[in-house]
Amino acid sequence: MRACFVHAAAVGNALLGALPQCIKSIRHRSIQFLPDPELFPAATMASGVKVTDEVIAVFNDMKVRKAQANEDEKRKRKKAILFCLSKDLKNIVLDEGKEILLGDIGNTVMDPYQDFVKMLPPDDCRYALYDATYETKETKKEDLVFIFWAPDSAPLKSKMIYASSKDAIKRKFEGIKHEWQVNGLEDLKDRRTLAEKLGGSSVVTLEGSPI
């Protein structure tokens, strides 16, 4: 089997962000590895991926906070949700059943942030939206956070496909102020890491818990 030579500079920053640390550390050299016959065709295919109308509708609903919404509408509002690639790698779709509703909080969900962390698959990539509620020293705030989950334990093929498809979903999520790429549970478990993303040292609570 003939070896493939790929120059890391041609892979692009998005792909490099999803590669293991040992590969990122030599980004200015040529990398030699045995080819996976599915790896690069799949990554190329994913670069033309489409975002389904359902995904866009969920984002628009989470972005617009309706002041006049009734209690039933508020309960159905999504606090967090995951998105994944379809099996044929052609679309970004809702990850079935992977969501937290505002109505769940206080009933089946005691700590929405910790439940969100538990939703993420340990060995595969995902995109996510998390509606963070936090307090700074001056005021209370709510902000949407777009998260690209690419754990070190995920297959290289998955990391490359999700990295090359990330721009497709980001283009649909207009107005997102906070983006976070996470490569391991240790970066997520401590809520202070997200607090830092949201407002640095000015954040004093996240989801009602002190920082």
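The values are calculated or read from the model by the stated rules, or taken from the named source; none is laboratory data. This is a predicted model, so every value here is computed, not measured. We place every Cβ from the backbone using ideal geometry, glycine too, and count neighbours over all the protein chains shown. Keep in mind that these areas ignore ligands, DNA and RNA; they rest on the heavy atoms of the full protein, side chains included. Shrake-Rupley method; radii C 1.70, N 1.55, O 1.52, S 1.80 Å.
The figures follow:
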| read-out | value |
| --- | --- |
| Gyration tensor (Cα) of region 76-211, equivalent ellipsoid semi-axes in angstrom | 25, 16, 15 |
| Sequence of Ser209, Ser201, Ser165 when ordered by accessible area, the most exposed leading, probe 1.4 angstrom | Ser201, Ser209, Ser165 |
| At R0 = 30 Å, FRET efficiency that the Cβ-Cβ distance of Val64 and Asp152 yields, to 0.05 | 0.25 |
| Rounded accessible area per residue of region 114-211, 1.4 Å, Å² | 46 Å² |
| 5 angstrom amide H check on Thr136, placed H, neighbours 5+ away | Lys141, Val204 |
| Protein accessible area in region 67-189, 1.4 Å probe - carbon and sulfur % | 46 percent |
| Region 133-149 - phi-based ³J(HN,Hα) in whole Hz, Karplus 6.51/-1.76/1.60, Gly and Pro as x | 10, 8, 10, 9, 5, 10, 7, 8, 9, 9, 9, 7, 10, 8, 10, 9, 8 |
| Under Karplus coefficients 6.51, -1.76 and 1.60, residue-wise ³J(HN,Hα) of region 86-96 in Hz, glycine/proline x | 5, 4, 8, 6, 9, 9, 9, 10, 5, 7, 3 |
| Amide H within-cut-off set for Ile211, under 5 Å, with H built and near neighbours excluded | Thr205, Leu206 |
| Phi-based couplings in Hz for region 186-202 (Karplus 6.51, -1.76, 1.60; Gly and Pro marked x) | 4, 6, 9, 4, 8, 5, 5, 5, 5, 4, 4, 5, 7, x, x, 6, 6 |
| Proportion of all alpha-carbon pairs of region 124-198 beyond 17 Å (%) | 48 percent |
| Mean Cα-pair separation over length for region 79-188, i.e. relative contact order, pairs under 8 Å, 6 or more apart, % | 24 percent |
| Residues of region 65-111: accessible area per residue with a 1.4 Å probe, Å² | 64 Å² |
| Residues whose placed amide H lies under 5 Å from that of Asp95, excluding near-sequence neighbours | Leu82, Phe83, Cys84 |
